[in-house]
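First up is the structure itself, then whatever we jot down about it.
The values are calculated or read from the model by the stated rules, or taken from the named source; none is laboratory data. Just so you know, these numbers come straight off a predicted model, no measurement behind them. Cβ placement follows ideal geometry from the backbone for every residue including glycine, while neighbour counts extend to all protein chains displayed. Keep in mind that these areas ignore ligands, DNA and RNA; they rest on the heavy atoms of the full protein, side chains included. Shrake-Rupley method; radii C 1.70, N 1.55, O 1.52, S 1.80 Å.
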Amino acid sequence: MDFDDLLLHPLALFREHPERLAYWQDRFQHVLVDEFQDTNAAQYLLVKQLAQRHGNLCVVGDDDQAIYGWRGADVRHMLSFQNDFPGTKLVRLEQNYRSTQIILDAANGIIAGNTARLGKTLFTEKKGGEPVILLSSADERDEAEWLANEFARRAAEDDFAYEGMAILYRTNAQSRPLEEAFRFRGIPYRLIGAISFYERREVKDLLAYLRLIANPADDEAFLRVVNIPRRGIGDASLAVLVRTAAGWQKPLLEAAGRAGAVTELRPNVREALSGVASLLDRLREAVGRADPATALETILAITGYEQYLAEEAAEGLERIENVRELVAGAAAWAEVQDADAAEGTGSPVERYLTQAALVTPADDDRDEPGVTLLTAHMAKGLEWPIVALAGLEDGLFPLGRSTEQPGGVEEERRLCYVGLTRAREKLYLSWARTRYRNGRLELAEPSRFLDALPPHVVEERSTTPSWRPLRGSSGAMPPRPSRPRGAAARRLVPELGFPEEVSQDAPRYVTGERVRHRKFGGGTVRAVSGEGRDLRVSIDFDDPDIGTKQLLVGLGRRRGMSVSREEVLRIAQLAELDVQEEALPDLVAQMSRIIDYVAQLSAVPANGSVKPVVPGPDAIRFRTDEVTPSQLAFGPEEFAPDFKEGFFVVPKLGQFE
């Protein structure tokens, strides 16, 4: 008998034997239920039957913290309680003894967006407090690095212990960049409710495949993947192979390739082992000296590993998210590698495996007190002096699939509310403008929940210039631009081009722009001087040991595409936009990121030669003599004629799939 039976069998008993129900109704003259917002249908019916005769029922709960709908809990039980039990007295407990008023004002503002709630407004005697920091970052690495640096600063300057800090996120897959940033800086941390990213089963499986490709003599890696996905090779058969390989003094993979000669094995096992050896040969040939992200994608495609995980239902879907995060991390790793410095140090896969080994936690420090990393669901009931809620982007928090479920977005908003109210003294909210998801780089929009933050509680920070300010001059969040349709969308794009420049491939930098150096890491451009081959940039690097350096751009290779200040001014003129001088650096940087993003999706060649006209954040035009039409000519069907006329439109870049 399991937990479900403990609920269902009494209900069946009471239905078939009313006298037993009457006995228990008399036995319990008063019924008290805690955490009532989390009751499922069976629990609610049981409580209702027990209290039906005398009506002495008291329930305690917080409908704003109903976050377990995915496992059967139904907040409607609490919302309809007064109808089910006429004469109920409702007592609102609104005084909070944990958080500052600033934090409570932020939480009150966000949860007020829900319509299905009893309604309450939290207050505290702890008036004031530090402002809520709203961080806009370039990507998930930048977000993780900023949070790690900020937590280190608070620990050093304000004497906060690391164990008094926590970072909450929506999915376990988001822990990877945070773990890497914390390990790089030597900041202790611990994961709650999950194991370290690089210790997860699916991650270790794929890394074992990589290890075996890089080193066919890695017997430990062979034993891990020989039967993944399942191939019908049992422990007894592997024991025979191990003895045979030892006798031959050969690695296990080589012995598997010669399994036909091992008469102790059944024919089907011999065939399966030979198949594993052939598979690894195919993988090694396909991967070659490819970057690790490409190698991982090749492994997934040839082995069918994602399909294998999908058979595990809900748990498998979470594991697939981790797999895609691993690919994203490998792609991010490749972006900052110096190809010249790496010559003679092994293949890209070998260097990546070395890095992965460095960020894998050692067995002796797993219980060391430090910053707590956990999902928002796991944080319910806990509290810390300092809390950061990371990854607040539409599609991630709230999850994209929540919009397809009745009440899904409201439950996501309640989960956000739970996260905010875990903080006692200081709260950080962060989102990234680009993030690797599902194996590709995607532009992101700030979470819709951030729209409801009261202006007086927020202090905005940014590690990257923005396309548009998150808030208008009035302090309110600006309305989300609607997607243009039909002729209205076509009118957004003037049919004018740009004059040719002396060098379209020349790198461009603007003061305040976030950049990443292969050797020195992330930093902010502080000054730009010179031009052409004499162009120099002064960069304030995040690592205090590196500090500020002046670099000659001609000696480096800056990846990606960009637009110039003059191009932005002309775009503004064509679109009849009034652009302030101080806003130009922000516009140049954000538009460059948009163009570079489209280039990464193969819509345009990533060589800086395409001249876009971008009259606003909702549309992009390319001249047909500079871009090859492809399957990535985005947009509704009504935009097709425009492409024939000389351009195509990309509506709301942050929204398309």
(request) Please turn the phi angles of the range 129-134 into ³J(HN,Hα) values with the Karplus equation 6.51 cos²θ - 1.76 cosθ + 1.60 (θ = phi - 60°), one per residue in order, whole Hz, x for glycine and proline. (result) x, 5, x, 6, 8, 10
(request) Give me the distance between the Cα centres of the range 72-103 and the range 385-428, rounded to whole Å. (result) 20 Å
(request) Rounded to whole Hz and in sequence order, give me ³J(HN,Hα) for the range 194-210 from the Karplus expression 6.51 cos²θ - 1.76 cosθ + 1.60, θ = phi - 60°, writing x for Gly and Pro. (result) 7, 9, 3, 3, 6, 9, 6, 3, 5, 5, 5, 4, 5, 5, 5, 4, 4
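Residues with beta-carbon under 15 Å from that of Val262, excluding Val262: net charge, scoring Lys, Arg +1 and Asp, Glu -1?
Working: positive: Arg243, Lys250, Arg258, Arg266, Arg270; negative: Glu254, Glu264, Glu271.
After counting each charged neighbour, the total is +2.
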(request) Mind listing the long-range amide H neighbours of Arg437? Cut-off is under 5 Å, sequence gap 5 or more, other chains count too, H placed in the peptide plane at 1.01 Å from N. (result) Glu442
(request) For every other residue with a beta carbon closer than 9 angstrom to the beta carbon of Leu135, add +1 if it is Lys or Arg and -1 if Asp or Glu, then tell me the sum. (result) -2
(request) Convert each backbone phi in the range 383-400 into a coupling constant with the Karplus relation 6.51 cos²θ - 1.76 cosθ + 1.60 (shift: θ = phi - 60°), then list the ³J(HN,Hα) values in order as whole Hz, x for Gly and Pro. (result) 7, 9, x, 10, 9, 10, 10, 9, x, 7, 10, 4, x, 10, 8, x, 4, x
(request) Scan around Glu35 for amide H atoms under 5 Å from its own, H built in the peptide plane at 1.01 Å from N, and keep only partners 5 or more places away or cross-chain. (result) Val60
(request) In whole angstrom, note down how far apart the Cα centers of the range 230-283 and the range 151-216 are. (result) 36 Å
(message) Given points 7 Å out from each Cα along the Cα-Cβ axis, report the Gln29 to Ala112 separation in nanometres with one decimal.
(response) 4.6 nm
(request) List every residue whose amide H lies under 5 Å from the amide H of Glu460, counting only residues 5 or more places away in sequence or on a different chain, with H placed 1.01 Å from N in the peptide plane. (result) Leu134
(request) Highest first, please rank the peptides 87-97, 442-452, 41-51 by the mean number of other Cβ atoms sitting within 10 Å of their residues. (result) 442-452, 41-51, 87-97
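Order Glu163, Glu179, Glu306 by their accessible area, 1.4 angstrom probe, all chains in place, largest first.
Working: Glu163 100, Glu179 5, Glu306 50 Å².
Order by accessible area, largest first: Glu163, Glu306, Glu179.
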(request) Work through the residues other than Asn114 whose Cβ is under 12 Å from its Cβ and net out their charges, Lys, Arg +1 and Asp, Glu -1. (result) -1
(request) Give me the distance in nm between label points sitting 7 Å out from Cα along the Cα-to-Cβ direction at Glu157 and Ala236, one decimal. (result) 6.7 nm
(message) Give me the extension gain from Ile192 to Leu45: residue separation times 0.36 nm, minus the current Cα-Cα distance, reported in nm with one decimal.
(response) 49.6 nm
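Where a ≥ b ≥ c are the square roots of the eigenvalues of the C-alpha gyration tensor, would you call the range 220-319 rounded, which needs a/c under 1.5, or, failing that, prolate if a/b is larger than b/c, or oblate? Write down the numbers at each step before the final one.
Working: a/c = 2.42, a/b = 1.47, b/c = 1.65.
It comes out oblate by the Cα gyration axes.
Quick one: of Lys380/Lys426; Lys204/Lys549; Lys48/Lys127; Lys48/Lys120; Lys204/Lys426; Lys426/Lys549, which pairs are farther than 29 Å apart, Cα to Cα?
Numbers: Lys380/Lys426 17 Å; Lys204/Lys549 39 Å; Lys48/Lys127 41 Å; Lys48/Lys120 25 Å; Lys204/Lys426 36 Å; Lys426/Lys549 33 Å.
Those over the limit are Lys204/Lys549; Lys48/Lys127; Lys204/Lys426; Lys426/Lys549.
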